[in-house]
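The values are calculated or read from the model by the stated rules, or taken from the named source; none is laboratory data. All values derive from a computational prediction rather than experimental measurement. Cβ placement follows ideal geometry from the backbone for every residue including glycine, while neighbour counts extend to all protein chains displayed.
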Amino acid sequence: MNAKHTISVLVENHFGVLARISGLISARAFNIDSLTVSTTEDPTISRMTIVVDADTVKLEQVKHQLARLIDVIRVDELREGEFIDRELLLVRVKGGAKAALEQIAQPFGGKVTEAAGSLVVEASGDTKTIDTLVEQLRSHGITQLVRTGRIALEKNGKA
Amino acid sequence: MKLKGAQILVECLKREGVDVAFGIPGGVNLPTFDAICSSTIKLVLTVHEQGASHMADGYARATGKVGVCLATSGPGATNLVTGIATAYMDSIPMVALTGQVRTSVIGNDAFQEVDTIGVTRPVTKHSYLVKDPRDMARVVREAFYIARTGRPGPVLIDLPVDATVGEAEFTYPESVNIRGYQPEQKPPALQASQIEAAAEAISKARKPILYAGAGVLHSGAWAELIELAHKAKIPVTTSLLGLGGFPESDPLSLGMLGMHGFEYTNYAVAQCDLLIGVGARFDDRVTGKPDEFARHAKKIHIDVDPSSINKTVLVDVPVVGDVKQVLRELLKLVKPADTSEWLKTIAGMKKQFPLTYREKQKVLPQYIIQQISDATKGEAVIATGVGQHQMWAAQFYQFNRPRSLITSGGLGTMGFGLPAAIGAQFGRPGETVWDIDGDGSFQMTAQELATAAQHKLPIKVAIMNNQHHGMVRQWQDLFYEGRHAASRLNPVDFVKLAEANHCAGIRVDTKDQVRPAIDNAMQITDRPTVVEFMVDQTENVWPMIAPGKPHDQMLGTYEILSKDGGVPQRRRAEADEESKLSLG
């Protein structure tokens, strides 16, 4: 059965590591919903947060296969309710009053910025929150939209 | 001490115990060849780079050491790829050293440039691009370590020319520390309970089978496997790549299982109540339809690679660890099960469903392989291509020694046989090496006869010449109503081809010429010998599990073949007496 899974992978901060990981996942015909990479508190290590839509049994294999890569230090699947996740959203809206947009964005902790004659809404939050905000902005005519994809940390992380 | 990158490379190769390397020089890897040729390492020039990677592979399979191959950038590197992929699929330790254009022009479509790391990424265990000679020693050390430890596999090192001619201070790294790769870590405590569970299951089983794969050979666990089989009185079947891991002369041997496995072996697997996979990966050619595979059995799976477990067949007791270590622990705990009834049942099936073939007017490959098995007492190193002859070699040669079958299992690479035999002969110079091949397979790398002749290797090549891609022709007959789409090969005079390459050539047209030709070939020790056997063109490999069918529904069974002159066949004249099987 297919479902969304969030995998957190600690990797060596080398060139070519991203290609190894995305290649391994795509070779199994899994669709990557989002993938974020950046360095961690240790500059020699990067953390990748990968959201995939995958069959649960096959995903177990992929986790083992990821762990088998030499440049992969650690693989964790983050279980629903056991992690904090955020993504950042930028939306360009066709028109309308700035105040009206601010009214929508504020409950989400969002901001509205004027940029070269158009209005851009920015907000961060977990995936569900961002989805809800996007729905509410639709009636104002979205012309461009970009999301960073999920970054996540386990709630019970090391102190 | 300051050395050039290529000299550092050679110093590291020497410390890894490399005594031979196979390859072809070209523009950007000239510094590497130049440095190797001033060392004690033997450089073997191959005709094609594919030959080099298969030779390194054959050397590794025959010796258990890491095989080394070299190629220049671009086409040299891409020509290695089939051999690298072959080694990857069968977990063979190999280091491939490829030349690369200088770092300043990488990505500019320079002459003979290809993204070798990118091309080989899915078929290597790991790969390195050395951009600075200061990294050379660490990279080479790590590459050999990764290639031979854990689940072995090929590692590629891409060497831009400036990294080989540039100088750096040489200090040999005494240890390897890769935080994402710790294959020699002590097994976790969990493993102890898994081994206990395995021992418990074995003591309760009444109809157990050990299913051994190449992992037994990689970890050098054949003595432990024999001990376990005899201690617990469990019959042993092997995968194609596991052949030789358990002596087929042993009364507990069931030979090979799977698509072209023995009839009684597959029936036994279908009936067993416990299947113990040892360093085997439940390949689809073994399992047939995965849901039906050993469907009455509880399954134990011992494997060094956690990603192999539950990949195709769900198991009850997974044990992750080095096969040799796990078997040693298991031997301490295991109590013999009462398998006497089971061994009697198997003895009965061996008698009732023996391996067979129908005699024909023309020479049959099965007979030829029986005669090679007999003439070499099952003690030769046998390389093969891929196809019908490969299956017949697996069925009719009696493998009694570890690392005696050198064959491409996972990737099924035609053309593997000759170069692999050459590599094996370099690794085991005093031994008899045969390449059992088909005319289709052989022609894919036949040019390497020149390499064998240059080094006066006494390898013997037995070509089962049926002027077809025989396995393709068999499938076309079985599943495509006999339409032979592009499976017939134009006749080639292989004796002339042998002689043109300064090898001995012998042709065999009739059955009575078979054994004298084999004996004759065994006498020729100063050059390679090619024996061309003109065999029946319509012979099929039996028995056979059709793709997707369960193990107890086989085609070409003894019952069918025996109706029309099929007689029970033994692999060697003095092959196993079924009476020994119960072990008293």
_B:Gly244 - would you say it is crowded, with 22+ Cβ neighbours inside 10 Å, touching a Gly at 6+ places or on another chain (Cβ under 9 Å) and of a type in the set (Gly, Ala, Ser)?_
no
*If you take the residues of the stretch B:386-404 that are among the small types (Gly, Ala, Ser) and within 17 Å of B:Gln474 (Cβ to Cβ), which of them is surrounded by the most Cβ atoms within 10 Å (Cβ to Cβ)?*
B:Ala393
*Pick out the one residue from A:Ala105, A:Ala29, A:Ala99, A:Ala67 that is without any contact (Cβ under 8 Å) to a residue 40 or more places away in the chain, among the hydrophobic types (A, V, I, L, M, F, W, C), outside the structural domain of A:His14 (by TED's automatic domain parsing) and more than 19 Å from A:Glu135 (Cβ to Cβ).*
A:Ala99
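Do the conditions hold for B:Thr86, that is, is it polar (S, T, N, Q), in contact (Cβ under 8 Å) with a residue 12 or more places away in the chain and over 20 Å from B:Gly427 (Cα atoms)? Please lay out each step first, then the result.
Numbers: polar (S, T, N, Q): yes; in contact (Cβ under 8 Å) with a residue 12 or more places away in the chain: yes; over 20 Å from B:Gly427 (Cα atoms): no.
Judged against the criteria, B:Thr86 is not a match.
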_the stretch B:317-358 - residue that is closer than 17 Å to B:Ala201 by Cβ and among the small types (Gly, Ala, Ser) and, of those, farthest from the chain's Cα centre (by Cα)_ = B:Ala337
*What do you reckon, is B:Ala383 buried (at least 20 other Cβ atoms within 10 Å of the Cβ) and of a type in the set (A, V, I, L, M, F, W, C)?*
yes
*asked:* Name the residue that is surrounded by the most Cβ atoms within 10 Å (Cβ to Cβ), counting only residues in the stretch A:22-54 that are within 13 Å of chain B (Cβ to nearest Cβ) and modelled with pLDDT under 95.
replied: A:Ile25
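Yes or no, residue by residue, for (1) within 30 Å of B:Tyr267 (Cβ to Cβ); (2) touching a Phe, Trp or Tyr at 6+ places or on another chain (Cβ under 6 Å); (3) without any contact (Cβ under 8 Å) to a residue 60 or more places away in the chain; (4) of a type in the set (Val, Ile, Thr):
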{"position": "B:Lys460", "(1), (2), (3), (4)": "no, yes, no, no"}
{"position": "B:Gln476", "(1), (2), (3), (4)": "yes, no, yes, no"}
{"position": "B:Val495", "(1), (2), (3), (4)": "no, no, yes, yes"}
{"position": "B:Asp536", "(1), (2), (3), (4)": "yes, no, no, no"}
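Looking at the stretch B:525-537, is at least one residue in contact with a His (Cβ under 8 Å, 6 or more places away or on another chain) and at pLDDT 95 or above?
Narrowing the stretch B:525-537 to residues in contact with a His (Cβ under 8 Å, 6 or more places away or on another chain): B:527, B:537.
Imposing the further condition that a residue be at pLDDT 95 or above reduces the set to B:527, B:537.
Checked against the condition, which is being in contact with a His (Cβ under 8 Å, 6 or more places away or on another chain) and at pLDDT 95 or above, the stretch B:525-537 yields at least one hit.
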*Does at least one position in the stretch B:265-284 carry a residue that is under 30 Å from A:Ala67 (Cα atoms), of a type in the set (Ser, Thr, Tyr) and not assigned by TED's automatic domain parsing to the domain that holds B:Val386?*
no
_Looking at (1) of a type outside the set (Lys, Arg); (2) in contact with a Leu (Cβ under 9 Å, 6 or more places away or on another chain); (3) modelled with pLDDT of 95 or more; (4) loosely packed, with under 13 Cβ neighbours inside 10 Å, which one does A:Val57 not meet, given that it meets all the others?_
(3)
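Counting only residues that are away from chain A (no Cβ under 14 Å) and within 24 Å of the chain's Cα centre (by Cα), give me the helices (runs of 4 or more DSSP H) lying completely in the stretch B:40-130 with at least 2 of them.
Numbers: elements: B:49-63, B:75-89, B:116-120.
Filter on the stretch B:40-130 gives B:49-63, B:75-89.
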*Do we have any residue at all in the stretch B:391-398 that's assigned to a loop (DSSP other than H, G, I, E, B) and touching a helix residue (DSSP H, G or I) at 6+ places or on another chain (Cβ under 6 Å)?*
yes
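Listed residues B:Ala96, B:Ala71, B:Ala52; which is over 16 Å from B:Leu159 (Cα atoms), hydrophobic (A, V, I, L, M, F, W, C), surrounded by 24 or more Cβ atoms within 10 Å (Cβ to Cβ) and touching a strand residue (DSSP E or B) at 6+ places or on another chain (Cβ under 6 Å)? Outline the logic, then answer.
On the way: B:Ala96 fails: over 16 Å from B:Leu159 (Cα atoms); B:Ala71 fails: over 16 Å from B:Leu159 (Cα atoms).
None of the others qualify; the one that does is B:Ala52.
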*Might you check whether a residue that is touching a helix residue (DSSP H, G or I) at 6+ places or on another chain (Cβ under 8 Å) and surrounded by 21 or more Cβ atoms within 10 Å (Cβ to Cβ) occurs anywhere in the stretch B:115-122?*
yes
*If a residue has to be farther than 20 Å from B:Asp34 by Cα, in contact (Cβ under 8 Å) with a residue 24 or more places away in the chain and not aliphatic (A, V, I, L, M) to count, how many in the stretch B:136-177 make the cut?*
15
*Test each condition in (1) among the acidic types (Asp, Glu); (2) surrounded by 16 or more Cβ atoms within 10 Å (Cβ to Cβ); (3) touching a Leu at 6+ places or on another chain (Cβ under 7 Å); (4) over 19 Å from A:His14 (Cβ atoms) for B:Glu167 and report the one that comes out false.*
(2)
*Taking strands (runs of 3 or more DSSP E) that fall entirely within the stretch A:60-159, which contain at least 1 residues that are surrounded by 20 or more Cβ atoms within 10 Å (Cβ to Cβ) and among the acidic types (Asp, Glu)?*
A:83-93
*Within the stretch B:357-368, is there a residue that is surrounded by 22 or more Cβ atoms within 10 Å (Cβ to Cβ), modelled with pLDDT under 95 and either under 22 Å from B:Thr557 (Cβ atoms) or not assigned by TED's automatic domain parsing to the domain that holds B:Arg281 (or both)?*
yes
*Among the residues of the stretch B:144-162, count how many are charged (D, E, K, R), in a helix (DSSP H, G or I) and closer than 19 Å to B:Lys131 by Cβ.*
1
_Among the residues in the stretch A:10-17, are any within 14 Å of another protein chain (Cβ to nearest Cβ), surrounded by 15 or more Cβ atoms within 10 Å (Cβ to Cβ), within 16 Å of the chain's Cα centre (by Cα) and in a strand (DSSP E or B)?_
yes
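In the stretch B:303-312, is there at least one residue being away from every other protein chain (no Cβ under 13 Å), out of contact with any Ser or Thr (no Cβ under 6 Å at 6 or more places or on another chain) and not in a helix (DSSP H, G or I)? Let's see the steps before the verdict.
Going through the stretch B:303-312, the residues away from every other protein chain (no Cβ under 13 Å) turn out to be none.
The answer is no; no qualifying residue exists.
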*Identify all residues within the stretch B:282-291 that are crowded, with 24+ Cβ neighbours inside 10 Å and under 24 Å from B:Ala197 (Cα atoms); write none if there are none.*
B:Phe282
*Given the conditions (1) of a type in the set (S, T, N, Q); (2) over 28 Å from B:Gly153 (Cα atoms); (3) in contact with a strand residue (DSSP E or B) (Cβ under 7 Å, 6 or more places away or on another chain), which single one is not true for B:Gln476?*
(3)
*Would you check if there is a residue in the stretch B:269-282 being under 23 Å from the mean Cα position of the chain (by Cα), away from chain A (no Cβ under 14 Å) and modelled with pLDDT under 95?*
no
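Does the stretch A:38-61 hold any residues that are more than 13 Å from A:Ser8 (Cβ to Cβ) and in contact (Cβ under 8 Å) with a residue 40 or more places away in the chain, and which are they? Full working, then the answer.
We begin by selecting, within the stretch A:38-61, every residue more than 13 Å from A:Ser8 (Cβ to Cβ); these are A:39, A:41-44, A:53-61.
Correct list: A:Asp53, A:Ala54, A:Asp55, A:Thr56, A:Leu59.
Got a number for residues in the stretch B:535-554 being closer than 19 Å to B:Lys289 by Cα and not aliphatic (A, V, I, L, M)?
First, pick out the residues of the stretch B:535-554 that are closer than 19 Å to B:Lys289 by Cα: B:542-554.
Filter once more, keeping what is not aliphatic (A, V, I, L, M): B:542-543, B:547-553.
Of the residues in the stretch B:535-554, 9 are closer than 19 Å to B:Lys289 by Cα and not aliphatic (A, V, I, L, M).
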